[in-house]
Each structure stands twice: as C-alpha cells, then as structure tokens.
1. Lysines near residue 352 by alpha-carbon distance under 16 Å, same-chain residues fewer than 8 away left out - which ones?
2. With charges set only on the Cβ (+1 for Lys and Arg, -1 for Asp and Glu), what does the dipole of region 302-424 come to about its Cα centre, in debye to the nearest 20?
3. Note down the net charge around residue 229, summing +1 for each Lys or Arg and -1 for each Asp or Glu among other residues with Cβ under 14 Å from its Cβ.
4. Summarise the accessible area of the chain (1.4 Å probe, protein heavy atoms) by the percent that is carbon and sulfur.
5. Given +1 on the Cβ of Lys and Arg, -1 on the Cβ of Asp and Glu, and no further charges, what dipole in debye does region 1-154 carry about its Cα centre, rounded to the nearest 20?
6. Out of every Cα pair in region 1-51, what percent are spaced more than 13 Å from each other?
7. Restricting things to Cα coordinates, could you compute the convex hull volume per residue of region 605-662 in Å³?
8. Taking the Cα centre of each part, how many Å lie between region 526-577 and region 686-759?
Amino acid sequence: MVTTHNLGFPRIGKNRELKFALESYWQGKSSQHVLQKVGRALRQSHWQIQHQCDFIPVGDFSFYDHVLDTSALLGNLPTRADNKASDLDRYFQVARGQSQSDSTCQHISAGEMTKWFDTNYHYIVPEFTAETQFHLYADNLIAQVKEAQKNHPQVKPVLLGPVSYLWLGKSKDNSDKLELLDSVVAIYEQLLISLAEEGVEWVQIDEPILVTELDKKWQHALKQAYFSLNKTPINVLLTSYFGELKENLHLACELPVAGLHIDAINAFDEITNIVDWLAPHKILSLGVINGRNIWKTDLTATLDWLEPLASRLKDRLWLAPSCSLLHVPVDLDNEIELDDEIQSWLAFAVQKLDELVTLSTALNDGRQAVAEELILNEMAIQSRQHSPRVHNPRVKIRVSAITHSLTARQSPYLQRAVIQKQRFKLPLFPTTTIGSFPQTAEIRLARQQFRQGKLDENSYQQFIKNEIKFSIEQQEAIGLDVLVHGEAERNDMVEYFGQKLDGYTFSQFGWVQSYGSRCVKPPIIYGDISRPNPMTVDWACYAQSLSDKPVKGMLTGPVTILNWSFVRDDQPRSQTCQQIALAIRDEVLDLEKAGIRIIQIDEAALREGLPLRKSQWQSYLDWAVNSYKISANGVRDETQIHTHMCYSEFNDIIEAIAEMDADVITIETSRSDMELLDVFNEFNYPNEIGPGVYDIHSPNIPTVEQIVVLMKKAAQRIPAERLWVNPDCGLKTRGWKEVKPALTAMVTASRILRNSIPNT
C-alpha cells in the first residue's frame, strides 16, 4: 500500500485569521491568550483538512517563521531580546524589533531577514558566535504533538535539519559555524528521544541544502549529523525540495535514515537513479504534486510513470507534495469570482491534497476506483492545453523580433550622469523613498467600495487624487529631494500591474504568506502577456503637477512581476519574462513622453529567481538582466532610471546588477548594518546607489545618529557623490505616525552628512 503524507500546510488560514490575530496582538488590542487560541484553532482546522493523509505534519505551524521557531527551539534567540518578557514576546522582538505597541521594547534590533532559497518567503536569519550554546526548549512542539494525537494517530513532527539550520545562519564574529555542529546535533538527539517518548514513530527532518552545491565540509557535516541521530529510537524521513540532488544524490541515499523525500517535480530525471541507489529497507517519498504552483496535476500522466515504481517499491513508496504547501493559497473553493474555465485549471493547497489522495487510491485500488476523478482531471488538462485564450500570435511575433538594440542605453553611464546632474541639480546625499506610503484603513475601504460598486469611478478617482496630494504635501514638508506619488491606487506592486495586462487572472482569496503577518496574493499568468493601455501615466502626471521637485514614475520590473506571480508552466519562464518586459517598456516610454523625468523600475525579486546551484546562475541572469534592460533602456540620456532590490544577498551577483546599468539602485542594508556593502570593497560599482538606512519591516523609528553612522559606513565604500539616502523598502505597511518621524530623521541626517563634507 502506498502511504500519503504532507510536508507542511499554509499557516495563515482560509481568511487570513493568523494575520489579523497577530496584528491585533502587536497593536495591543488583544491578549496573548487570544492569539494562542487562534493558533490552536488554525492547527486543528488544518489537521482536519489533512485527515485523509496517512501522516499529518506537526510543527509546521508558526506565529512568524519556522526558522525563527527553530532558533527558539534550540535556545538560540539573540541576547538582545528582553529576558523579562514572555517567551512569545521575546520571539516577536527578534522577528520585528518589537512585540506589542508599547515603548518598552522599542530599541531592540530585529533579526536580519532574507529569502528562503528561491521563494518569496522570508526567514529570520539565525545568529551565531563562537560562544553560542544551545539548549532544548521543546515544550511548544511537544504540546502540539499531544494536541494532534487526540484526533490523529499518525503524526509526523516537522523539523528544520541541524545542518541546514547552521548553513542558513550567519556568524556574527566570523567564527566557523560548523564548529557548533556537535552541540546542535546533541540537542536534536535529545529532541528525537523526547518525541519517541510521546509515541512518535516518524519525524520529518528538512535538509533543503541537499539541492545546493555543497563543499566537502558541509557534505561531511551531513554524514556526521545523521550518523549521530541514527542512534535515536525514531524513524527519520530526510527531506529535500526545490531542486535536484545532483552530486549530493549518493550522499542523500547513503545517509543512515529510514526514508528519503525528493522533489519529483524538479528532480524527476533523478528518480530512477535514486530507486537504484536507495537501500531496500528505506522508504522513498516522492513529491509528485507541485507545492510551488497552482496548476492542476496531470493525474493520468503522473500515474503512467508512478505505477511501475509502485509495483517495484510496494510499501516502500510514499507520496506527498513536492514541498510544503506554505507557498500556495489555501482553498480554491473560496473563489467565487474566478472565470469558470480558468478555475478548472487550478489547484490550491486543499485541492492538491485531494489530488494526492486520488493518486494513492489509484495505485492502491486501481484506476477504476477513481475513474470519475481522472476523467474530470483529463478534461481540465485538455481544456487548458487547447484554449485560444492562452496564445496570442501578435505577442509571440513581437518577442521573436527582440534585438540587442532594445537593451542598450544611448550613452554610457558616465555621460548620462553629467547630463542628469545638470538637469536635476540635486544636493549631495539626495533623499527619496522607495515608492509606497501607508495604505491606511481609509484607502483600503475606498478600494473595496469601488470594487464592490458602492463607490462610483469619479468619486474613487477623486479620493485617490486627494491621497496623492496628501503624500506630496507630506514629502514637501519633510524636505525630501525626489518625491513619489505614494501608490494609493495600488493594492500590490505586482497585482496592480497584472490587472492591467492581458494574459493575467486573479484570485479573490489566494493569499500566501511572505513573512509574519505579511501576505501577498500572487496574480496568475495563464496566457501571453501584453499591455492594452497605459497603466500609471495619469497618476504620475497628476503627482508631478503638484510639485516643482521631480516625482518618480513607479513601475514593477519584469523579473519581479514574473517571480511574484504564479507562472504558466507550458513555456519557458524566460519567454514569459520577455513578454512582460515589452509591456513595461511601452509604459516607460509613455511616462517619458508625458514628462516624467525619473522612472523607478523595481526588481526586488531578481535574486530570488536564481537557480539554487551556481553552475546554473549565468543562464538565468542572462535572460533576467536582458529582460530588465528591454524594459528600461529605451529612454533618452536625461531620463534617470532607478531600480530597487530588497532583502537579498546580492554580493555574489554584483556584476549582473552592474550590467543592468540603472542610473540609481536602492537596496536593503539596514538590518545587516551595511554588511551587504562589503562587496564594494572589491568591486568598483560604477553607478549611483542608495543603501537603505531605515528598516521598514520593523515598527522601530531610526534616530538621526543611527542613520548618520550607517551612511558614513557606506561612504567608506562608495564615493559620497554617488550615494542616495532612502528607506530600505516601500512604506505601505507602516503608519504615518512612524513614517513622518523616520523620514524627518533621514532628511536631517542627510543635511548633517552634507555639512560634514567640505566644499559641498
């Protein structure tokens, strides 16, 4: 009999219950008891949804981030967290710099945040020193195991593996993280023994680093760790996902564990070798349902290759999604506004589990047992393949006509910089923001009422104009040098553009967690992309009419639109990206024609699209950077192009970023204390750069002194005449009470910096 299990379920709830409970607690409007009650209710609901699986995951639920949960489990929260606070409040202090809305924790620095492998999920980076000591704090996990066991006899705790945990973290004193391996593995041994005492038979230990290029010391660390853990009285399912094992295949097969999970979506070509290499007493778990995208699985095609394996492996075959379902929305049945045909092509988390059960039933009882399900699935697959809505010949012709000339600026940067300095006459250390201003309750209500038809178009347009005017007035009063219109009309930096492009569709409740309480609703690319009409020009022109200072036109770049969408899987991603690039290029040229002098094209997600193996990076960077240049480089020399990247370690792709040839790039550096700028000690970045000095993901308000210190660190690496001063990301998630003093401090710091440099 084939066994089914799940690697993890979305935490946020069908209606984002977790988001609202967290924000209520952080604002001091509800108690810790209420928050914990919501957490218990969500866990129970999620376990019930997964009851058809033979094993349900426990420990995949988190109040903020599973990597931070691991730090708490191992007693490795930074010492700066307030020891007088409750465990949960200390946890939130590390997550966001503050727990509740009082001022007692106001000056605690949040942990560094970065992307989880090649996803849009953010994790809190573990911190280590040579003196780090680990201690087991398993009460929460054990309590959840007992909670689940009341109604579900087969539970499978989910743990981030000890080696991946060290690999994902950062040494704060440049010590060797692997020196901590023995001590952290000892804690895992204690934990596995404790779980066995609770009647747990299987534990899922995730080692996603197995799909990356590991040097010999990290490969040896995996051997060392799992030979130690093999002494414990519990079955370990070693889990990898997001890619192929490649040179780590033999290592993964030979580690002394009871079972191995691989991502059969991304590592399909390795299945035969793994079956041959895996010892005959080991379980093989295959991730046969795509946990990263929302298209229905072709169940018949999947059964065609699964049936021979099931016949060979028999009880040793387990089936699961390819990875945790954290990366997809919860339930397609919530969607009542989606086009019926397109909806028939989709599967969210709940539907993916249904697909899993259908496959296992077909393997265990024969295809006739699920004949109706297979027929309906085949109809949906065929409908999508042959739908005329998917393919637009005019778009494909335009893509085929792309030449190198579309990617080049008229003149090199040094010539453009002279022209732009004469045109804008900006002071040293010019100040700006990244684009968005607070999305207030009033803005969200007006957008909702307009969408529901309760507010007519003229009234809505006037409301947005008033919000833009307010944002411009605030920036003028604060003294910023380059302004933005505030993006009041935009619900999301990708969804807004998708709504104005052909080839996109949108869910109503397809929310996915990005970090903490921050959720995004990725649009769905189902067909060829084109721009029927201008998307931002009217709003940009209105904002510019309100000020003599330059107001940036704000666009999202093609790579970010691609990476933050659910992308069609029937053509190469590079081709879809080129289609988007041409649409954004049209918008850029229309903005320039309308008199917008500075245009920002955000590529926040450029790095997260990198393949997990460096050997495959260049191919991705070639088409990704080329797509950006198609969108940006049709303008005249006097038009200044900005781009923005956030929460990404970009040091190892700095040459590709320079190749983008943006006049100004703004990046996140505040949480890393400008460590991300170390690359400029070795690489002479030629263009202008704004290292973010204000961590917008924390409610903490930076002081003038803090900003001055950060910018002086930046000036040690980059000439002052090429430095900008800005927050590290957009301000839509913050409130005006935080934004005004923070930006005022930023402007004050910039003036101090100007006065500290002679002859300026």
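The values are calculated or read from the model by the stated rules, or taken from the named source; none is laboratory data. All of these numbers come straight from a predicted model, not from anything done at the bench. For neighbour counting, all protein chains shown are included, and Cβ atoms are generated from backbone atoms with ideal geometry for every residue, glycine included. These accessible areas exclude ligands, DNA and RNA; they are computed on the full protein's heavy atoms, side chains included. Shrake-Rupley method; radii C 1.70, N 1.55, O 1.52, S 1.80 Å.
1. Cross-link targets: 14, 296.
2. Working: 14 positive and 16 negative charges, 336 e Å.
Magnitude of the dipole: close to 1620 debye.
3. Within the 14 Å Cβ shell, the charges total -2.
4. Whole-percent figure for carbon plus sulfur exposure: 49.
5. On the way: 15 positive and 16 negative charges, 112 e Å.
Value, rounded to 20: 540 debye.
6. Values: 773 of 1275 pairs.
Summing the P(r) of region 1-51 above 13 Å gives 61 percent of all pairs.
7. On the way: hull volume 4.5 nm³, N = 58.
Taking only Cα atoms, region 605-662 has a hull volume of 77 Å³ per residue.
8. 27
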